[in-house]
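Take a look at the structure set out below.
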Amino acid sequence: MTQNQPKIVVESRPQRWLRFGIGAALAGLAAVIVWLAWPRNRPVEPAGSSQLDLVALKQVDPNRMMGREQSPVPAQVEGPHALAVDSANRIYVGGDSAIAVLEPDGRLLRRLPVEQAVSCLAVGKGGDIVVGYRDRIVVLGADGIVKSGWAPPGSNAVLTSVAVAGEDIFVADAGQRLVWRFGLDGRVQGRIGAKDPARDISGFIVPSPYFDLAIGPDGALWVVDPGRHQLTRYSPEGDPISSWQREGEDIEGFSGCCNPSHIAIRADGSFVTSEKGLVRIKIYAATGALVGVLAKPDHFAAETRGIDLAVDGNGRILALDPDKAVILVFKTGGR
């Protein structure tokens, strides 16, 4: 026998029976202890009660509902995932292999081929289309011709949202859990939300690839911290200015691991939000108080994920339903 060979122990039959008997006795004693300790008045959960709770959570008080839904608009691309509008209220839908450009009434204006599935979209004031793929940004002219492109630093980027503000392009990176600030030429101007104990910044909590941002009418950058169910306003330099948080399964809050999944900001500074899990579209005031509900869970297929949002210059709220491949259109206020 070498030193590396295991030592073999041979037990006699009486020894094996003795060891078995001791083990059985201990197991029986443990069962008796558990039985004695179990509360006699503990209610038994009926089968299907979790489904009943979920059904209750899906209900929305009719007094909370608001807005008027108009006819949906076909997305006009395969695998629609990203939504944006331009200053002329044209609608842009990014899909697996193309971007559809639609007139405000939904008529197809043109379809621009892209090199891979579009993750996120934004349109600059000059008409350039900023396209986010999984790990790369590309800027297209209005004709679809590539003008520039770059990859963010790092090796595990997962780009989920993009917005243009003046000379800045802000990109949410769920893989590296931060927001990039790029110049129009692709040069890094800053990183927002990275952990920085000296500035009391704990970093974003991003459990899944739903990590959104938007530019308000005043030019302010708002970023969703999905794991905290929080929206935070940042300066262009990355300093947090203000925030609001709503956590909970009731209609006032955001539930699950990471919500809201998408946001858009209206001209009055109020927020439109969409959620996954309990799929809902809601409006919150600029202060974070719930204003009302545009769409409740039974409006969508059970597994719907990633309802991207946009608000056009006429105040219409657009919501991309990727499961049905349509754009839902809502109006609030006067006719």
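Throughout, read-outs are computed from the coordinates displayed, never taken from laboratory work. Every value quoted in this text rests on a predicted model; they were computed, and no experiment measured them. Glycine gets a Cβ as well: all are built from the backbone with ideal geometry, and neighbour counts include every protein chain shown.
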| request: Working only within the range 317-331, note down all residues that are more than 16 Å from I263 (Cβ to Cβ) and either of a type in the set (D, E, K, R) or in contact with a Gly (Cβ under 7 Å, 6 or more places away or on another chain) (or both). | output: D321, P322, D323, K324, K331
| task | Say whether the condition of being in contact with an Asp or Glu (Cβ under 8 Å, 6 or more places away or on another chain) and more than 25 Å from P217 (Cβ to Cβ) is met by at least one residue in the range 229-250. | result | no
| said: Can you report the number of residues in the range 129-149 which are assigned to a loop (DSSP other than H, G, I, E, B) and within 21 Å of L309 (Cβ to Cβ)? | reply: 2
| request: For the range 271-326, please list each of the strands (runs of 3 or more DSSP E) lying entirely inside it that holds at least 3 residues being more than 16 Å from G94 (Cβ to Cβ). | output: 271-274, 281-284, 290-295
| field | Residue list for the range 178-200, restricted to those being more than 21 Å from the chain's Cα centre (by Cα) and farther than 21 Å from S148 by Cα | value | D196, P197, A198, R199, D200
| Since F211 meets every condition but one in (1) among the hydrophobic types (A, V, I, L, M, F, W, C); (2) in a loop (DSSP other than H, G, I, E, B); (3) closer than 16 Å to I241 by Cβ, which condition does it not meet? | (3)
| task | Take the range 153-177 and flag every residue that is more than 19 Å from H81 (Cβ to Cβ) and either assigned to a loop (DSSP other than H, G, I, E, B) or within 14 Å of the chain's Cα centre (by Cα) (or both). | result | P153, G154, S155, N156, G166, E167, Q176, R177
| message | Whether any residue in the range 258-269 is of a type in the set (A, V, I, L, M, F, W, C), surrounded by fewer than 19 Cβ atoms within 10 Å (Cβ to Cβ) and in contact with a Lys or Arg (Cβ under 9 Å, 6 or more places away or on another chain) is what I want to check. | response | no
| message | Just to verify a result, which residue in the range 52-87, among those that are of a type in the set (K, R) and under 17 Å from I283 (Cβ atoms), is surrounded by the most Cβ atoms within 10 Å (Cβ to Cβ)? | response | R64
| request: Scan the range 234-248 and report the pairs whose first residue is at positive phi and whose second residue is of a type in the set (V, I, T) and outside any loop (DSSP other than H, G, I, E, B), with Cβ atoms within less than 7 Å and a gap of 6+ or a chain change. | output: G238/I192
